[in-house]
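Written out below as C-alpha coordinates is the structure these notes cover.
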Amino acid sequence: MATDIKATGMTPQPMLLHGLAKNWWLLLLRGIAAIIFGILAFAWPGITLLSLVILYGAYALVDGVLSIAAAIGGGGGTTPRWWLIVVGLLGIAAGLLTFFWPQITALVLLMFIGAWALIHGVFEIIGAIRLRKEIDNEWMLILSGALSVVFGAAMLIMPGAGALALIWVIGAYAIIFGILFIGFAFRLKKHAT
(Lines give C-alpha, C1' and ligand atoms only; values in the text may rest on other atoms or scores of the structure.)
Protein backbone atom coordinates (compact mmCIF):
# COMPACT_ATOMS: atom_id res chain seq x y z
CA MET A 1 0.00 0.00 0.00
CA ALA A 2 2.88 2.35 0.62
CA THR A 3 3.77 1.90 -3.05
CA ASP A 4 0.25 2.93 -4.07
CA ILE A 5 0.52 6.14 -2.07
CA LYS A 6 3.91 6.98 -3.56
CA ALA A 7 2.67 6.13 -7.06
CA THR A 8 -0.23 8.57 -6.76
CA GLY A 9 1.93 11.28 -5.26
CA MET A 10 -0.68 11.76 -2.54
CA THR A 11 0.16 11.73 1.12
CA PRO A 12 -2.40 10.43 3.61
CA GLN A 13 -3.55 13.91 4.71
CA PRO A 14 -4.49 15.14 1.19
CA MET A 15 -6.33 11.84 0.62
CA LEU A 16 -8.39 12.49 3.76
CA LEU A 17 -9.13 16.00 2.54
CA HIS A 18 -10.04 14.69 -0.91
CA GLY A 19 -12.37 12.08 0.59
CA LEU A 20 -14.16 14.63 2.76
CA ALA A 21 -14.27 17.24 -0.02
CA LYS A 22 -15.73 14.68 -2.42
CA ASN A 23 -18.63 14.16 -0.01
CA TRP A 24 -18.98 17.74 1.21
CA TRP A 25 -22.72 17.54 0.68
CA LEU A 26 -23.03 14.96 3.48
CA LEU A 27 -21.62 17.51 5.92
CA LEU A 28 -24.03 20.05 4.47
CA LEU A 29 -26.93 17.65 5.15
CA ARG A 30 -25.69 17.13 8.72
CA GLY A 31 -25.70 20.90 9.22
CA ILE A 32 -29.18 21.27 7.74
CA ALA A 33 -30.51 18.42 9.93
CA ALA A 34 -29.05 20.14 13.02
CA ILE A 35 -30.66 23.49 12.12
CA ILE A 36 -34.05 21.87 11.48
CA PHE A 37 -33.83 20.06 14.82
CA GLY A 38 -32.92 23.33 16.58
CA ILE A 39 -35.76 25.28 14.97
CA LEU A 40 -38.27 22.57 15.90
CA ALA A 41 -37.06 22.66 19.50
CA PHE A 42 -37.72 26.44 19.63
CA ALA A 43 -41.01 26.24 17.69
CA TRP A 44 -42.56 23.85 20.24
CA PRO A 45 -41.42 25.16 23.63
CA GLY A 46 -44.18 23.29 25.44
CA ILE A 47 -42.89 20.03 24.05
CA THR A 48 -43.31 16.92 26.18
CA LEU A 49 -40.42 14.76 27.23
CA LEU A 50 -41.55 12.02 24.86
CA SER A 51 -41.50 14.48 21.93
CA LEU A 52 -38.04 15.66 22.96
CA VAL A 53 -36.86 12.06 23.05
CA ILE A 54 -38.25 11.43 19.56
CA LEU A 55 -36.75 14.65 18.12
CA TYR A 56 -33.38 14.01 19.71
CA GLY A 57 -33.39 10.34 18.68
CA ALA A 58 -34.20 11.23 15.07
CA TYR A 59 -31.48 13.89 14.95
CA ALA A 60 -28.81 11.66 16.50
CA LEU A 61 -29.72 8.78 14.17
CA VAL A 62 -29.62 10.92 11.00
CA ASP A 63 -26.36 12.57 12.09
CA GLY A 64 -24.81 9.15 12.78
CA VAL A 65 -25.86 7.66 9.45
CA LEU A 66 -24.57 10.69 7.53
CA SER A 67 -21.26 10.58 9.41
CA ILE A 68 -20.75 6.91 8.54
CA ALA A 69 -21.74 7.61 4.93
CA ALA A 70 -19.08 10.34 4.81
CA ALA A 71 -16.47 7.91 6.18
CA ILE A 72 -17.38 5.12 3.75
CA GLY A 73 -17.72 7.44 0.76
CA GLY A 74 -14.37 9.07 1.50
CA GLY A 75 -12.56 7.02 -1.10
CA GLY A 76 -10.29 4.02 -0.97
CA GLY A 77 -7.27 5.81 0.45
CA THR A 78 -5.22 4.52 3.32
CA THR A 79 -5.93 7.51 5.56
CA PRO A 80 -7.91 6.37 8.60
CA ARG A 81 -11.43 7.72 8.87
CA TRP A 82 -12.09 5.89 12.11
CA TRP A 83 -13.08 9.08 13.91
CA LEU A 84 -16.01 9.62 11.49
CA ILE A 85 -17.10 6.02 11.97
CA VAL A 86 -16.92 6.34 15.77
CA VAL A 87 -18.97 9.56 15.70
CA GLY A 88 -21.47 7.86 13.40
CA LEU A 89 -21.80 4.74 15.55
CA LEU A 90 -22.25 6.86 18.67
CA GLY A 91 -24.96 8.89 16.94
CA ILE A 92 -26.80 5.79 15.75
CA ALA A 93 -26.53 4.22 19.21
CA ALA A 94 -27.82 7.43 20.83
CA GLY A 95 -30.75 7.58 18.41
CA LEU A 96 -31.72 3.92 18.78
CA LEU A 97 -31.46 3.94 22.58
CA THR A 98 -33.83 6.90 22.79
CA PHE A 99 -36.37 5.10 20.58
CA PHE A 100 -36.14 1.83 22.54
CA TRP A 101 -36.59 3.59 25.91
CA PRO A 102 -39.16 6.38 25.31
CA GLN A 103 -40.07 6.55 29.01
CA ILE A 104 -36.55 7.69 29.86
CA THR A 105 -36.42 10.26 32.63
CA ALA A 106 -35.32 13.85 32.02
CA LEU A 107 -32.18 13.36 34.09
CA VAL A 108 -31.08 10.26 32.19
CA LEU A 109 -31.83 11.93 28.86
CA LEU A 110 -29.86 14.97 29.93
CA MET A 111 -26.86 12.84 30.93
CA PHE A 112 -27.11 10.84 27.71
CA ILE A 113 -27.23 13.98 25.54
CA GLY A 114 -24.36 15.50 27.52
CA ALA A 115 -22.14 12.43 27.17
CA TRP A 116 -22.92 12.11 23.45
CA ALA A 117 -22.17 15.79 22.78
CA LEU A 118 -18.93 15.64 24.78
CA ILE A 119 -17.60 12.56 22.96
CA HIS A 120 -18.86 13.86 19.61
CA GLY A 121 -17.02 17.15 20.16
CA VAL A 122 -13.75 15.46 21.02
CA PHE A 123 -13.83 13.49 17.77
CA GLU A 124 -14.76 16.60 15.78
CA ILE A 125 -11.66 18.33 17.17
CA ILE A 126 -9.51 15.29 16.32
CA GLY A 127 -10.80 15.41 12.74
CA ALA A 128 -10.14 19.14 12.45
CA ILE A 129 -6.58 18.74 13.72
CA ARG A 130 -5.95 16.06 11.09
CA LEU A 131 -7.12 18.49 8.37
CA ARG A 132 -5.35 21.52 9.82
CA LYS A 133 -2.49 21.65 7.31
CA GLU A 134 -4.70 20.91 4.32
CA ILE A 135 -7.45 23.53 4.45
CA ASP A 136 -7.94 27.10 5.54
CA ASN A 137 -10.37 27.98 8.27
CA GLU A 138 -10.39 24.56 9.88
CA TRP A 139 -11.37 26.55 12.95
CA MET A 140 -15.01 26.06 11.94
CA LEU A 141 -14.76 22.34 12.64
CA ILE A 142 -12.64 22.95 15.75
CA LEU A 143 -15.18 25.50 17.01
CA SER A 144 -17.99 23.05 16.29
CA GLY A 145 -16.19 20.38 18.32
CA ALA A 146 -15.39 22.80 21.14
CA LEU A 147 -19.03 23.90 21.23
CA SER A 148 -20.06 20.25 21.53
CA VAL A 149 -17.58 19.68 24.36
CA VAL A 150 -18.75 22.77 26.29
CA PHE A 151 -22.40 21.89 25.72
CA GLY A 152 -21.88 18.28 26.83
CA ALA A 153 -19.91 19.28 29.92
CA ALA A 154 -22.58 21.84 30.90
CA MET A 155 -25.29 19.18 30.58
CA LEU A 156 -23.32 16.75 32.74
CA ILE A 157 -22.37 19.32 35.40
CA MET A 158 -25.80 20.96 35.76
CA PRO A 159 -28.37 18.17 35.39
CA GLY A 160 -31.04 20.03 37.32
CA ALA A 161 -31.88 22.39 34.44
CA GLY A 162 -35.57 22.79 33.74
CA ALA A 163 -37.20 21.11 30.76
CA LEU A 164 -37.87 24.40 28.93
CA ALA A 165 -34.31 25.62 29.49
CA LEU A 166 -33.04 22.24 28.30
CA ILE A 167 -35.06 22.51 25.10
CA TRP A 168 -33.75 26.02 24.42
CA VAL A 169 -30.15 25.06 25.12
CA ILE A 170 -30.43 22.01 22.87
CA GLY A 171 -32.11 24.07 20.15
CA ALA A 172 -29.46 26.81 20.28
CA TYR A 173 -26.66 24.21 20.29
CA ALA A 174 -28.12 22.41 17.28
CA ILE A 175 -28.59 25.62 15.27
CA ILE A 176 -25.05 26.90 15.97
CA PHE A 177 -23.58 23.44 15.31
CA GLY A 178 -25.54 23.25 12.03
CA ILE A 179 -24.39 26.68 10.87
CA LEU A 180 -20.76 25.79 11.58
CA PHE A 181 -21.09 22.48 9.74
CA ILE A 182 -22.69 24.16 6.72
CA GLY A 183 -19.83 26.67 6.64
CA PHE A 184 -17.30 23.85 6.86
CA ALA A 185 -19.10 21.90 4.09
CA PHE A 186 -18.87 24.85 1.70
CA ARG A 187 -15.18 25.27 2.55
CA LEU A 188 -14.67 21.59 1.67
CA LYS A 189 -16.64 22.03 -1.56
CA LYS A 190 -13.89 24.34 -2.81
CA HIS A 191 -11.44 21.42 -2.52
CA ALA A 192 -13.66 18.95 -4.40
CA THR A 193 -12.32 17.99 -7.82
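Tabulated values for the structure
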quantity: Counted residues, segment 123-151 - those being of a type in the set (S, T, N, Q) and either touching a Pro at 6+ places or on another chain (Cβ under 6 Å) or crowded, with 19+ Cβ neighbours inside 10 Å (or both); calculated: 2
quantity: Out of A172, A165, sole residue that is modelled with pLDDT of 75 or more, surrounded by fewer than 17 Cβ atoms within 10 Å (Cβ to Cβ) and either touching a helix residue (DSSP H, G or I) at 6+ places or on another chain (Cβ under 8 Å) or not β-branched (V, I, T) (or both); calculated: A172
quantity: Identity of the residue in segment 55-96, over 20 Å from L188 (Cα atoms) and surrounded by fewer than 16 Cβ atoms within 10 Å (Cβ to Cβ), that ends up modelled with the lowest pLDDT; calculated: L96
quantity: Test for A128: is it of a type outside the set (K, R), closer than 15 Å to S67 by Cα and free of Cβ contacts under 8 Å to residues at least 24 places away in the same chain; calculated: yes
quantity: Subset tally (residues that are outside any helix (DSSP H, G or I) and farther than 12 Å from F184 by Cα) for segment 118-153; calculated: 3
quantity: Segment 131-150, residues that are within 18 Å of V169 (Cβ to Cβ) and of a type in the set (V, I, T); calculated: V149, V150
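The values are calculated or read from the model by the stated rules, or taken from the named source; none is laboratory data. Note that the structure is predicted; figures quoted are calculated from it, not measured. Cβ: placed from backbone, ideal geometry, glycine included. Neighbour counts: every protein chain shown.
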